[in-house]
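The values are calculated or read from the model by the stated rules, or taken from the named source; none is laboratory data. Worth saying up front: this structure is predicted, and the values here are computed from it rather than measured. Cβ placement follows ideal geometry from the backbone for every residue including glycine, while neighbour counts extend to all protein chains displayed.
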Amino acid sequence: MTTSTPTAPAPVSTPGAMDFGQFLRKAGRATLISFIKFDPRFQWRNPVLFIVWCSAALTTVAAVGDLAIGTEPASGAIHMPPGFTWVIAVWLWLTVLAANLAETLAEGMGMPHATALRTVRESTPTHRVMAYDGEKDPGALSAQLEEIGAADLDPGDIVVLEAGDTIPADGEVIYGVAMVDESAITGESAAVIREHGGDRSAVTGGTRVLTDRIVVKTTTKWGESVADRMIALAEGAHRHKSPNEMALTALISSFSITFIVVAACVNSIASSIAPPVSIAVLTSLVVTLVPAEIAALLSVTGIASRSRLLRRNVMVASPHALEAAGDITTVVLDKTGTITAGNRKATHFFPIGDTSDDELLYACYLSSIDDPTPEGVSTIQLAREAGVNVGQKIGLGRGVLFSAETRMSGRDMADLRVRKGAESPILNWLKHVGTQQSHQVVEELRRCTDSIARTGGTPLVVASKPTDGPGRVLGVIELRDVIKTGVAARIRKLKDLGVRTIMVTGDNPLTAQAIATAAGIDDFVGDATPENKLELIKAEQTAGHFVAMTGDGMNDAPALAQADVGVAMNSATAVARETANMIVLDDDPTKLVDIIETGRRQMATRGALVTFNMANDLVRYFAFFPALFVGVFPGLARLNLLQLHTPASAILSVVVYSVIVIGILIPLAIAGVPYRIANLGRALNWNLLYYGVGGVIVPIIGIKLIDMLIALFPGY
């Protein structure tokens, strides 16, 4: 076995540590990208901002036309100062720039992460097994290897990796155990163990083997690994809108079309008694009417939320999942690997009835030969330490692998069949092979398993069936697991958010109860099969709950697919990772709190922005319309509640404010509205109050101050 000393990862700079020069460079880069986005093909993706872009372009054309003519016409009965059209054109282009800058800054949140991941997706040479015939030992495969580039690998290829090698693609360890450096993906400096069998067999492309040799079966193509998906998310490439975002975009787009019709009808209203209104005033009216701030910042909230979770090592594969996370009321947690560490080890053997210690040790050893999980390996180790005598027949017979359906493993010999598993499946198996256990044996077995389960252990029952005799229970193996650090505190946090927690496990119900009580979980389901997990989620959804499910095994895939939010650990099986719509890269199940909080913060932020914008519009309309028609209808002067200086300064003040308010709201859209209330309805009501009232006060103050500044310029 080859070993090497783990290499410490390169130091990572603190995200907040940025000098003024770095700030200027990042600001300059964001501004440059924002100017590039002036391309109408880019603007077309957002119909409302495309309307603003067209208004700015039309006003610019009108300004050039006025320059060619040499004079600027009056707008209706209102005389506009010289250069007014040019000024409006500039501020309309600044509106487009502010909207582009908002999205660019949100996308920039993920750029450092994407830059760090660039090296992960580089194609590196790897050693592929030319013709894999089931041989597992890496040493025996040396003569069958060929060196190829990682980009040439296909799903299903077998590669052999040694200490120092970069894992070329996502895959599953099918032989061996090694320490793996995953800091490039998770940011965690501590190496992790990846081994064949169990729930820690998945490896991620771009991570590095630190010790030993392993055989890996690839599961993804080049360019489709977790690292590639993270880069795409961090850079905002191929961003898909969520259903709610698409619905809201369609709604405000339809409103905007209506507002264009309203602006086009202005001249018809006043044509009988006044000259036509100028292009600059009409485009200003359009930009004032359309919900430009919502259109500019709606996508920002989604991009920022996904970037925020990515920095916390949660990859969001579906934008719909992040929105659904805000509605989660029930969380279903798989016990092994999620609540507990998942490395259960055999700690004691308990004979039942008249079974001798040697007989039980032999059966435990025999039933664990074909069990590569930590439970099976530790059972063999404990049996050896206890002095098991396996004899010469141990290499004979046929192994019976563990399955989620049978929940048993074992071995069939010529003269003996041995099984190891949960209590109920083992007793059912004995009935199936024609043996009914006596009441005394069943009672003794139940006392033993209950005693282990009450203290948080997991009992595994061992039974045998000789060819020429009745089957019988031999004894119980005690397995011990520990609750992961921080899980109990995070469960309390979920309760503070009003979320109900349910733990599901295939373990004995008493074991499940002990673990659930220690972790502070509300409810539990023991002896659960994959079908039970699926039925539980469907029942919760039927009762009106939004359900999040965490899991990492192949048997969790149906439940993950059914849940509103399916969360898989990065070390989960390939099927679980593909089925889930969120992946926790550092295998920390407590990230569920971050997921739910981020989903609710996104929901609250969008509600706040919409409320603030609608309240803004009321003030802007009262400032704009009296100024627009005061020359035609002098009585409208009484509606100049803000006492704006002139009609021209009033119109310009509203346009300038529309640009400034986008800049003011960018930090709010990126950082999000703080969410600390478990009651969702109450939180939204407070947002309506804060941002509704604020949406009236802020534009009153802002437009008035801008008007006072504009009034200092001659002609305004």
Kindly provide the set of residues from the range 587-608 that are under 16 Å from residue 661 (Cβ atoms) and in contact with an Asp or Glu (Cβ under 7 Å, 6 or more places away or on another chain), ordered by number.
-> none
Given (1) modelled with pLDDT of 75 or more; (2) part of a loop (DSSP other than H, G, I, E, B); (3) over 25 Å from the mean Cα position of the chain (by Cα), residue 197 misses just (1)
Failed item, numbered, when residue 441 is tested on (1) part of a helix (DSSP H, G or I); (2) touching a residue at least 12 places away in the same chain (Cβ under 8 Å); (3) within 17 Å of residue 508 (Cβ to Cβ) | (3)
Residues satisfying the stated conditions in the range 306-339, i.e. among the hydroxyl-bearing types (Ser, Thr, Tyr) and at pLDDT 85 or above | 329, 330
Tally, over the range 126-149, of residues that are assigned to a helix (DSSP H, G or I) and either touching a His at 6+ places or on another chain (Cβ under 8 Å) or modelled with pLDDT of 75 or more (or both) | 1
Looking at 488, 572, 528, which is the one that is in a helix (DSSP H, G or I) and hydrophobic (A, V, I, L, M, F, W, C)?
-> 488
Might you let me know whether the range 209-226 holds any residue that is buried (at least 21 other Cβ atoms within 10 Å of the Cβ), at pLDDT below 70 and over 23 Å from residue 373 (Cα atoms)?
-> yes
For the range 571-586, the count of residues that are surrounded by fewer than 24 Cβ atoms within 10 Å (Cβ to Cβ) and either modelled with pLDDT under 75 or of a type in the set (Lys, Arg) (or both) equals 3
Limited to the range 552-575, what total is found for residues that are of a type in the set (S, T, N, Q) and in contact with a helix residue (DSSP H, G or I) (Cβ under 6 Å, 6 or more places away or on another chain)?
-> 3
Before we move on, is residue 601 touching a Gly at 6+ places or on another chain (Cβ under 6 Å) and closer than 24 Å to residue 666 by Cβ?
-> yes
Count of the range 287-336 residues which are over 18 Å from residue 580 (Cβ atoms), of a type in the set (A, V, I, L, M) and surrounded by fewer than 22 Cβ atoms within 10 Å (Cβ to Cβ) = 2
Quickly run through the range 653-675 and pick out the residues that are hydrophobic (A, V, I, L, M, F, W, C) and either in contact with a Phe, Trp or Tyr (Cβ under 7 Å, 6 or more places away or on another chain) or part of a loop (DSSP other than H, G, I, E, B) (or both).
-> 654, 655, 656, 659, 673
Name the single residue, out of those in the range 498-539 being free of Cβ contacts under 8 Å to residues at least 12 places away in the same chain and not charged (D, E, K, R), that is farthest from residue 596 (Cα to Cα).
-> 517
Look through the range 511-523, keep the residues that are at pLDDT below 90 and buried (at least 20 other Cβ atoms within 10 Å of the Cβ), and return whichever of them is nearest to the chain's Cα centre (by Cα).
-> 519
Scan the range 682-716 residue by residue and report those that are basic (Lys, Arg) and at pLDDT 80 or above.
-> 704
Qualifying residues in the range 368-382 (those that are in a helix (DSSP H, G or I) and either among the hydrophobic types (A, V, I, L, M, F, W, C) or out of contact with any strand residue (DSSP E or B) (no Cβ under 9 Å at 6 or more places or on another chain) (or both)) - the one farthest from residue 421 (Cα to Cα) | 382
Go through the range 67-90 and give me each residue that's modelled with pLDDT of 75 or more and surrounded by fewer than 23 Cβ atoms within 10 Å (Cβ to Cβ).
-> 81, 82, 83, 86, 87, 90
Which listed residue is in contact (Cβ under 8 Å) with a residue 24 or more places away in the chain and part of a strand (DSSP E or B), from 331, 300 = 331
May I ask you to verify whether residue 627 is surrounded by fewer than 24 Cβ atoms within 10 Å (Cβ to Cβ), touching a residue at least 60 places away in the same chain (Cβ under 8 Å) and outside the structural domain of residue 323 (by TED's automatic domain parsing)?
-> no
Filtering the range 541-569 down to residues that are surrounded by fewer than 22 Cβ atoms within 10 Å (Cβ to Cβ), under 24 Å from residue 597 (Cα atoms) and in contact (Cβ under 8 Å) with a residue 12 or more places away in the chain yields 541, 545, 546, 561, 562
Residue set 556, 587; condition closer than 26 Å to residue 204 by Cα and outside any helix (DSSP H, G or I); output residue 587
